[in-house]
Amino acid sequence: MQNDLLTQLALWHEENEHQRIVDTIMEIPALERDPQLISQLARALNNLERYAEALEWSRGELSPESLILSDFWDDSDYALKEYVSEPPTDELIASVEEELGYKLPAAYIEMMKQHNGGIPRNACFPTEVTESWGAEYISISGILGIGREKSYSLGGEFGSRFMIEDWGYPEIGVVFCDCPSAGHDVVMLDYRKCGKDGEPEVIHVDQEGDYAITYLAPSFEAFIRGLVNDDVYDTSEADKEEALRRVSHGKFSTLLTELCGNVNETEDIEGQIRVVCTRVVEDKGHFSFHADELSILMYDVQFWLYTKTYPNTSQEEYLQVYDKMIAFGGEFGQNGYAPGWITDWLDQRIQQGMITERSGALSFTEQAIEDVLSRLRSAAVH
């Protein structure tokens, strides 16, 4: 019933029926209004330009002290490794704030003192407008904790300053959520209206849409309370079918076609690639490479294909051309990738001695090539 109501509220948002949302939620007994409904109420009031009421609901009902949610976090092994840190000290908080140039919201600090970063079970947030990829919501991969130790923390390897300085996100606040696109969209605290010491709004920024900004919530706590489970927007089966069609029949990129055309060490390299990528989609439900066995195999295959045709490739040159094979390969493509996965894989292969460097050029050893082709043939028949 709750999911049905949230779906209806999302439709009314799309239709600008904001007063209808307010009336519907206010008819619900106060004790039955959960945090998600309160967040929807505050947002509808904000859209009606009843800003004082919206702020009262956000800051009154959603005080920092109440922002300790049961069963909020999904503490998987991956989440604990990449996101979750020890609770921040006051000294660390002050240091990170100085580095970022902004005072963090009190609710955010309070929440991080209870659980410093991680992956939430509810990872979707409804939007007022349809996003560039056709959805009426945004998804987050995780919430960055306060610290520098973990890769996905505010001061970490893939933290806020990295996203702004290396990925070009606007200098208007703090990136505090990453998204499944592996860097091509983020969620930020927006300080443009409140100043660097004020209470920021929450926005979504889409790099692929020329850094288009979509307003999400009037405050951090309202954003957290407004997160919903992806069951509300479950398109997983349709997405999987589309991904299977793409890997089975999608046209290879110009570069990948060229590289496959130079292979005579194994038969039907294109078919083998399609079979392995089909297995990736069947396992994950979507077409993306991470650190699993099949993904690593595809990192190996792409490197072998490219350096076979272009044997004088340096590490920097390879990292620049990587996305032109499969990551952004057109019809047969993933529409995104995480650069960190590629650099980690490359560093590991060099440390293992599978990839060697001579005069700045990288290449697999002969034994490594035999190993890659053997694993490819085996994976393509299972």
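Okay, here's what the table says:
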| read-out | value |
| --- | --- |
| Total residues in segment 298-330, condition in a helix (DSSP H, G or I) and hydroxyl-bearing (Ser, Thr, Tyr) | 6 |
| Residues (touching a residue at least 40 places away in the same chain (Cβ under 8 Å) and over 12 Å from the mean Cα position of the chain (by Cα)) located in segment 169-197 | Tyr169, Pro170, Gly173, Val174, Leu189, Tyr191, Lys196, Asp197 |
| One residue from Gly271, Gly198 being out of contact with any helix residue (DSSP H, G or I) (no Cβ under 9 Å at 6 or more places or on another chain), farther than 29 Å from Asn122 by Cα and not polar (S, T, N, Q) | Gly271 |
| Filtered residues of segment 74-98 (kept if in contact with a Lys or Arg (Cβ under 7 Å, 6 or more places away or on another chain) and either open to solvent by 40 Å² or more (accessible area, probe 1.4 Å) or under 17 Å from Gly173 (Cβ atoms) (or both)) | Asp74, Pro87, Glu97 |
| Residue list for segment 301-318, restricted to those being surrounded by 14 or more Cβ atoms within 10 Å (Cβ to Cβ) and touching a residue at least 12 places away in the same chain (Cβ under 8 Å) | Val301, Gln302, Phe303, Trp304, Leu305, Tyr306, Thr307, Lys308, Thr309, Thr313, Gln315, Tyr318 |
| Where a residue in segment 347-373 is in contact (Cβ under 8 Å) with a residue 60 or more places away in the chain and its partner, wherever it lies, is in a helix (DSSP H, G or I) and open to solvent by 40 Å² or more (accessible area, probe 1.4 Å), with Cβ under 6 Å and at least six apart | none |
| Meets criteria (more than 18 Å from the chain's Cα centre (by Cα) and either over 27 Å from Gln36 (Cα atoms) or open to solvent by 10 Å² or more (accessible area, probe 1.4 Å) (or both)) for His249 | yes |
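Per-residue answers, yes or no, for (1) outside any loop (DSSP other than H, G, I, E, B); (2) under 23 Å from the mean Cα position of the chain (by Cα); (3) at pLDDT below 90; (4) closer than 27 Å to Asn116 by Cβ:
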| site | (1), (2), (3), (4) |
| --- | --- |
| Gln8 | yes, no, yes, no |
| Ile25 | yes, no, yes, no |
| Leu31 | yes, no, yes, no |
| Leu92 | yes, no, no, yes |
| Val96 | yes, yes, no, yes |
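Here is a yes/no grid of residues against (1) of a type in the set (Ser, Thr, Tyr); (2) open to solvent by 10 Å² or more (accessible area, probe 1.4 Å):
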position: Ile146; (1), (2): no, no
position: Ser151; (1), (2): yes, yes
position: Gly155; (1), (2): no, yes
position: Val186; (1), (2): no, no
position: Cys194; (1), (2): no, yes
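The values are calculated or read from the model by the stated rules, or taken from the named source; none is laboratory data. Small disclaimer: the values here were computed from a predicted structure and weren't measured. Note that each Cβ is placed from the backbone with ideal geometry, even for glycine, and that neighbours are counted across all protein chains shown. To get the accessible areas, we keep the full protein, side chains included, count just its heavy atoms, and leave off ligands, DNA and RNA. Shrake-Rupley method; radii C 1.70, N 1.55, O 1.52, S 1.80 Å.
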